[in-house]
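Participant: Structure provided below as structure tokens; questions to follow.
Every read-out reported here was derived from the displayed coordinates using simple, explicitly stated rules and does not represent laboratory data. Everything numeric here is computed off the predicted structure, so don't read it as measured data. FYI the Cβ positions are ideal-geometry reconstructions off the backbone, even for glycines, and counts take in every protein chain you see.
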């Protein structure tokens, strides 16, 4: 099953959205294809906090997608990002905001909810993108993620 997954900073990777429960993630996976087996087959990892929310559920607070050697078509801002190098990723992120922060092995736009991670600091290629809740620039606090997005 090859598919196209759109990466939306601060929100989603394909049908998988920040704020979804584990059950909603599994339902979204099954809706892609009845024979879809795991998120790992798509190169995706969904992370959940250790603590439950006030309604007793755990909701996805980070999505990761591997872009190196991923057989699926991955798009960010309509541009393919499979096997993207650091310089091209920096240009693409700069089209969202000129305030791209560079660190040891990361390009970050926390206010937009996206980070590009290299395997090692000296590596030219981006290994994965993290989709995280956007941070409000003035407060440096995470913006709340409401609902699952399955509406």
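Participant: What is the distance in Å between the Cα centres of region 93-111 and region 15-73?
Facilitator: Using only Cα atoms to place each centre, the spacing works out to 24 Å.
Participant: Then there is this: Quick check on the exposure proxy: order 108, 31, 54 from fewest to most C-beta atoms within 10 angstrom.
Facilitator: Placing the least packed residue first, the sequence is 54, 31, 108.
Participant: If you don't mind, another one. So what is the calculated 222 nm ellipticity per residue for the chain, using -39500 (n - 2.57) for each DSSP H run with n of 4 or more, over all residues, to the nearest 500 deg cm²/dmol?
Facilitator: Mean residue ellipticity, 222 nm, calculated: -4000 deg cm²/dmol.
Participant: Among 85, 69, 61, which one shows the highest mean-square fluctuation when the chain is modelled as a Gaussian network with alpha-carbon springs under 10 Å?
Facilitator: Highest fluctuation among the options: 69.
Participant: Could you bin all the Cα-Cα distances of region 41-144 into 5 Å bins starting at 0 and give me the percent of pairs in each, rounded to whole numbers?
Facilitator: Reading the bins upward from 0: 2, 12, 21, 23, 19, 12, 7, 3, 0.
Participant: State the extension gain, in nm to one decimal, for the chain segment bounded by residue 6 and residue 50, taking 0.36 nm per residue of separation less the distance between their alpha-carbons.
Facilitator: That works out to 13.1 nm of additional length.
Participant: Compactness ratio of region 21-83: Cα Rg over 2.2 N^0.38 Å, N = residue count?
Facilitator: Dividing the Cα Rg of region 21-83 by 2.2 N^0.38 Å gives 1.29.
Participant: Something else now. What order do you get for 118, 17 when you list them from fewest to most C-beta neighbours inside 10 Å?
Facilitator: Sorted ascending by nearby Cβ count, the order is 118, 17.
Participant: Let me ask something else. Could you give log10 I(q)/I(0) at q = 0.15, 0.19, 0.23 Å⁻¹ for region 7-55, computed by the Debye formula over C-alpha point scatterers of equal weight, without solvent?
Facilitator: Values, matching the q order: -0.42, -0.65, -0.91.
Participant: Over region 1-139, calculate the relative contact order: mean separation of alpha carbon pairs under 8 Å at least 6 apart, over the residue count, as a percent.
Facilitator: It rounds to 25 percent for region 1-139.
Participant: Now for a separate question. What's the FRET efficiency of residue 57 with residue 37 using the Cβ-Cβ distance as r and R₀ = 35 Å, to the nearest 0.05?
Facilitator: 0.90
Participant: If neighbour count is taken as other Cβ atoms inside 10 Å, put 120, 115, 51, 64 in order from fewest to most.
Facilitator: 51, 120, 64, 115
Participant: Only bridges with both residues in the chain count here: give the DSSP antiparallel percent, nearest 5.
Facilitator: 90
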